[in-house]
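One structure is given here, and the rest of the page talks about it.
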Amino acid sequence: MARQRQGQLHLGAFIYFTGHHHAGWRHPASGVEQMFDIEWYKKIAQSAERGKFDMIFFADLLHLIYPSRAAAGMLDPVALLSSLAMVTDKIGLTATLSTTYNEPYNAARRFATLDHLSKGRAGWNIVTSQVDTEAHNFGREKHPAHGTRYEMAKEFVDVVTALWDSWPQESLVMDRASGSFTDESKLRKADYSGQWYSTKQGLLNVPRPPQGYPVLIQAGSSGPGQDFAASVGEVIFTAQTSLTAAQEFYRTVNEKLVAGGRERGSLHIMPGLSPILGSTVEEARRKERELLDLIDPQEAVMMVSGMLQTDLSAYPADGPLPDIPDPVEASNGMKSRVQLIMDLARKDNLSIIELGRRLLGARGHMQFVGTPEQLADLMEEWFDGYGCDGFNIMPPVLPGDLDDFVDQVVPVLQRRGLYREEYEGSTLREHLGLSNPSIDHFKKLASLHQ
Ligand SMILES: Cc1cc2nc3c(=O)[nH]c(=O)nc-3n(C[C@H](O)[C@H](O)[C@H](O)COP(=O)(O)O)c2cc1C
């Protein structure tokens with residue numbers, strides 16, 4: 001049957017600790033003992049590249065959470081991906097970096113370096129961080145307010161892109177005979193004076209990245225998050241639990257994009273998808289059960305408390321969620337995720353413990369249990385139904401679940417014409433069908449709307 005939508009899916013391999021399932025590290029298939037060993041990451045990155053993924057993507061948090069009962073600790077993702085650039089050729093390399101606890105100059109420099117080292121494969125997952133314990137690690141009492149963080153993030157990205165533009169490739173002369181290294185007349189000093197950040201006559205000490213700008217990715221889905229993505233994002237990572245909700249999100253974000261003067265299709269929407277696969281549904285269910293059996297009930301309650309930022313330990317675990325007064329308003333972390341969790345609990349009338357068990361699988365992202373063919377059906381339905389432009393694949397247990405996706409699902413998607421057989425290009429922008437931004441890209445975009 002003819003496909004209903006042109007084009008192909010984009011895929012990210014979303015790497016989080018030893019896999020996304022909270023108890024996955026305890027499963028015999030996990031590689032937890034190697035989680036700080038470069039050889040382990042090398043295998044994972046090479047597996048994703050074998051599966052022709054657009055990118056591998058590392059999350060990042062700025063504190064140590066649950067170290068006694070969960071796989072904890074993260075290597076610095078920009079440093080880690082700089083090493084992985086040396087053992088991969090094509091796959092995009094996306095690192096998370098917070099705009100709340102970094103300075104633009106450092107961020108611009110680190111990502112420009114990653115883009116040079118990888119010959120144009122860098123992506124930046126722009127986040128604003130989540131909780132007070134992160135603030136405490138940076139000498140601050142409180143995590144800045146949600147709206148303020150997004151205002152800061154917008155300025156931060158403006159400064160970073162201005163710095164990436166400051167030392168254009170064409171200004172590099174490197175003429176031994178004349179002794180001219182850079183044609184200074186072609187430098188574009190970044191002068192920016194904002195409420196949160198400024199740079200005076202700023203010149204980055206790394207030349208403009210091979211992609212112009214590393215790919216700009218945004219991962220927040222609240223109203224301000226969507227506005228931010230529509231203004232500067234080229235990919236948006238999101239959590240969606242049903243096709244209907246995903247379609248609504250897709251429509252809204254695309255409307256914002258077009259209203260802001262950008263072209264439809266210049267922002268790829270990629271929800272998370274955590275698959276538990278089996279050669280039969282029964283086998284997949286068995287695997288799901290094995291993982292669920294590793295969950296301590298108290299941890300499930302702790303997880304819900306943490307995600308809702310409300311202590312639920314005093315309530316019966318098998319009872320319903322108490323009436324929390326406007327938790328979305330009260331949350332200063334992931335507002336869109338709090339909304340998603342509340343909707344999930346109310347819709348299915350879940351007890352606290354049941355809700356916890358759902359969230360421990362993939363923190364509210366969509367979970368799938370079934371065969372590779374069934375998963376391909378779901379992915380096709382979401383793509384053809386304009387619920388997404390691709391997915392962030394979230395293996396519950398690493399490395400085996402990523403290998404299974406590559407070996408069992410990718411060939412089905414390829415057979416259906418939904419996914420590339422080979423990389424056509426060698427930069428992340430080429431994989432995503434995004435052009436290299438010209439100098440002052442965002443300034444030009446802003447001037448369109450004055
Ligand atoms: C797929 C995905 C990945 C994310 N990764 C991170 C991360 O690594 N570190 C982080 O601090 N926040 C991460 N976030 C959170 C967001 O960046 C954002 O700070 C948070 O969701 C608040 O935004 P919202 O209220 O607009 O949803 C992620 C969100 C999504 C959907």
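None of the figures in this text is laboratory data; all of them are computed from the coordinates on show. On a predicted model such as this, the values are computed, not experimentally measured, just so you know. Because the Cβ atoms are built from the backbone with ideal geometry, glycine has one as well, and the counts that use them run over all protein chains shown.
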### Message
Which of ILE341, ILE65 has the fewest other C-beta atoms within 10 Å, and how do the rest follow up to the most?
### Response
ILE65, ILE341
### Task
May I ask you to sort LEU81, LEU204 by Cβ crowding, counting other Cβ atoms within 10 Å and putting the fewest first?
LEU204, LEU81
### Task
Set the Förster radius R0 to 35 Å, insert the Cβ-Cβ distance between ARG140 and SER305 as r into 1/(1 + (r/R0)^6), and round the FRET efficiency to 0.05.
0.90
#### Entry: Distance between modelled label sites at TYR192 and SER68, nm, 7 Å Cα→Cβ extension
4.3 nm
### Message
Through the Karplus equation 6.51 cos²θ - 1.76 cosθ + 1.60, θ set to phi - 60°, convert the phi angles of segment 412-425 into ³J(HN,Hα) values in whole Hz; use x for Gly and Pro.
### Response
5, 4, 5, 4, 7, x, 8, 8, 4, 8, 9, 5, 8, x
### Summary
Rounded to the nearest 0.05, FRET efficiency between GLU290 and ALA330 (Cβ-Cβ, R0 41 Å) equals 0.70
### Query
Separation of segment 223-278 and segment 2-40 by C-alpha centroid, Å?
21 Å
### Inter-site label distance for MET86 and ARG346 at 7 Å from Cα along Cβ, in nm
5.3 nm
### P(r) of the chain over all Cα-Cα pairs, binned every 20 Å from zero, in whole percent
24, 59, 16, 1
### Task
Anything over 18 Å Cα to Cα? Flag those among LYS42/LYS90; LYS43/LYS90; LYS43/LYS287; LYS154/LYS443; LYS90/LYS119, in the order listed.
LYS43/LYS287
### Query
Which whole-number value in Å³ per residue fits the convex hull of the alpha carbons of segment 145-194?
66 Å³
### Message
For Cα pairs less than 8 Å apart in space and 6+ apart in sequence, what is the mean separation divided by the residue count of the chain, i.e. the relative contact order in percent?
### Response
23 percent
### Task
May I ask which residue of LEU291, PRO168, GLY400 lies farthest towards the positive end of the charge dipole of the chain, with charges of +1 (Lys, Arg) and -1 (Asp, Glu) on Cβ and the Cα centre as origin?
PRO168
### Task
Using only the Cα atoms of segment 61-128, construct the convex hull and provide its projected area averaged over every direction, in square nanometres to one decimal.
5.0 nm²
### Task
With an 8 Å cut-off on Cα pairs and a minimum separation of 6 or more residues, tell me the relative contact order of segment 1-158 in percent.
20 percent
### Message
What value in Å³ per residue do you get for the convex hull of the alpha-carbon atoms in segment 292-359?
### Response
79 Å³
### Task
Calculate, axis by axis, the spread of Cα positions in segment 411-450 along the three principal axes, and write the results as whole Å, longest axis first.
47, 20, 8
### Query
Most exposed first by the Cβ proxy, i.e. fewest other Cβ within 10 Å, how do LYS200, LYS444 rank?
LYS200, LYS444
### Query
Could you give the radius of gyration (one decimal) and Dmax (whole number) of the Cα atoms in segment 112-168, in Å?
14.5, 40
### Message
As I understand it, the value is the acute angle between the Cα axis of helix 297-308 and the longest principal axis of the Cα atoms of the chain; what does it come to in degrees, rounded to 10?
### Response
40 degrees
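Against the 2.2 N^0.38 Å scaling, with N counting residues, where does segment 195-298 land? I'd like the Cα-based Rg ratio to two decimal places.
1.57
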### Task
Can you tell me the 0 to 90 degree angle between the C-alpha axis of helix 243-259 and the longest principal axis of the chain, rounded to 10?
20 degrees
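When the helix-only estimate is applied to the chain (DSSP H runs of n ≥ 4, each -39,500 (n - 2.57), divided by the residue count), what is the mean residue ellipticity at 222 nm, nearest 500 deg cm²/dmol? Present the calculation step by step, with values, prior to reporting the outcome.
Values: 17 runs with 178 residues, N = 450.
About -12000 deg cm²/dmol.
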#### Entry: the chain: angle of helix 146-166 to the longest principal axis, Cα-based, in degrees nearest 10
40 degrees
### Query
About its Cα centre, how strong a charge dipole does the chain have in debye, to the nearest 20, once Lys and Arg get +1 and Asp and Glu get -1 at the Cβ?
820 debye
## Note on the structure
Phi-derived 3J(HN,Hα) across segment 78-95 with the Karplus relation (6.51, -1.76, 1.60, θ = phi - 60°), rounded Hz, x for Gly and Pro, is 5, 5, 4, 5, 5, 6, 5, 4, 7, 10, 9, 10, 10, 5, x, 10, 10, 10
